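Structure record follows, encoded as structure tokens.
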Amino acid sequence: MTFHFQAANSRRAASRTRTDENAVPSQTLRSKPSLSSLGPAQKVGVTVNQGKKVGAKVGAKRTVLGGVVGNGVKDDVEEGKKALKPTTKTILTETRQPLQTRNNNVPSTVPNGPSRVIAPVPHRAKPTSVHVDAPMPSDDLSEMDVDTRRPEVLSREEDESSLVGSDEEEDDEEDEDDWLRLPEDAAAQVEEELALVRNSFKDDVDMFDTTMVAEYADEIFQHMENLEQSVMPNPRYMDFQTEIEWTMRSTLIDWLLQVHLRYHMLPETLWIAVNLVDRFLSVRVVSLVKLQLVGVTAMFIAAKYEEILAPSVEEFVFMTESGYTKDEILKGERIILQTLDFTISSYCSPYSWVRRISKADDYDIQTRTLSKFLMEVTLLDHRFLRCRPSMIAAVGMYLARRMLNGDWNDAFVYYSGFTEVQLVPGAMLLCERLVEPSFEGVYAYKKYSNKKFLRASTFAREWAMKHAPSSW
């Protein structure tokens, strides 16, 4: 007999490896399906290679972290059969070197100290992780503490001018925050450059590679580009929130990054969850004590939509240290989906665009890993809510190329759809974030300082400290 949670662990690990080129290949054993449907748990003896017997429950429900965090592969031994002998076959794996500038004269400054792959989920502050003992409200709409201003908020989104207001100070503030807007002369020059590249650049397409569906690629990405605007959040939604601020949003996203890595979920799950949080907060006023409930419910929805084997609702209750109940998460799921009209599939994460842009440099592993780190940094900065996913991918790839002494040639302009003039402001904002004194405490920095991710965060921060944006 086998532990039935090993099958879940194997399927989760296989799904993670298929989408992460940084994952090291490992051998896994095929496990039998769960036996939970065969009746109550029974005690049986499981013989292992050391000759000891371990008591296991057949059909028992797995623990919260059972079969998820463990990376080791146990031997499967059936009763009455001999144990498998360990093989001496050597598996050759690629040795990855830390990121460094592609100039042999520049010494590497990346430290070689070890770092933890999975950090424990920190204890949440009590205002954002409070167990509510009061009876559950009968009206689902009150679960997220929505006030009576929701119709007014919806009317503000329909009328763009009312978002800013009639005061001149608010108009000036919006002009300052909208860093994407280019002068008319620069915008006209960008359009001319894009048209010239599209007409002159010839895409090398392998029509015989059916897995890439090259004949439909242009139509697919054009459809994705048309859907981007429909799932964009309001970049100024914090103006009508009564209890939360941008710093609290950053704390929530940082916590979601930890949960996402600890449970080995797919990259797209994180981006979908953050998009759901921002879109929901764009139309609903949420109290501070319910902010973490919005985040964990968004991650629950995204995991059910994207993961092959999504964590159960009990595991999400454990994530919040029992700060919220199972019923609260399920009611929150219904409220978020009804508010957003069940619109989830219209969102395309920046990862889809990075895969297309990477064709310009033949899918260089260092550039892609560094760009992934830079893209996750944008999740913590509310100023990038104005950017479409395609532009976030382009900014991450552009800054990664610049850090690795690369250029932004016609191939990158063709596959990304953005020129260097459009990407420089976003790259400067990223560098400002990287050099902040408190940036090393951000979980994204700790995550990408691991050897698995080529210590990309350490390299990027050191580069930003040496190359100020003013010197570009």
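Summed over segment 393-413, the residues that are surrounded by fewer than 19 Cβ atoms within 10 Å (Cβ to Cβ) and part of a helix (DSSP H, G or I) give a count of 2.
Of everything in segment 194-222, what is in contact (Cβ under 8 Å) with a residue 24 or more places away in the chain and exposed (fewer than 10 other Cβ atoms within 10 Å of the Cβ)? Give them in sequence order. Hit for segment 194-222 is Ser200, nothing else. Within segment 416-459, the residues that satisfy the criterion of being touching a residue at least 60 places away in the same chain (Cβ under 8 Å) and among the hydroxyl-bearing types (Ser, Thr, Tyr) are Ser416, Thr419, Tyr443, Tyr448, Ser449, Ser457, Thr458.
Listed here are the residues, each with its yes/no results for (1) over 13 Å from Leu379 (Cα atoms); (2) without any contact (Cβ under 8 Å) to a residue 12 or more places away in the chain; (3) more than 9 Å from the chain's Cα centre (by Cα); (4) part of a helix (DSSP H, G or I).
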site	(1), (2), (3), (4)
Arg249	no, no, yes, yes
Asp254	no, no, yes, yes
Val259	yes, no, yes, yes
His264	yes, no, yes, no
Trp271	no, no, no, yes
Leu276	no, no, yes, yes
Val283	yes, no, yes, no
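Every listed requirement among (1) under 20 Å from Phe412 (Cα atoms); (2) at pLDDT 90 or above; (3) among the charged types (D, E, K, R) is met by Glu268 save one, (1). With the structure loaded, tell me whether Thr211 is polar (S, T, N, Q) and either in contact with a helix residue (DSSP H, G or I) (Cβ under 8 Å, 6 or more places away or on another chain) or part of a helix (DSSP H, G or I) (or both) or whether it fails that test. So Thr211 fits the description; yes. Evaluation of Ser312 against the conditions (1) within 23 Å of Ala464 (Cα to Cα); (2) at pLDDT below 95 shows that the sole unmet condition is (1). All conditions but one from (1) surrounded by 18 or more Cβ atoms within 10 Å (Cβ to Cβ); (2) closer than 30 Å to Asp218 by Cα apply to Tyr448; the one that does not is (2).
The values are calculated or read from the model by the stated rules, or taken from the named source; none is laboratory data. Small disclaimer: the values here were computed from a predicted structure and weren't measured. Note that we place each Cβ from the backbone using ideal geometry, even for glycine, and neighbour counts take in every protein chain shown.
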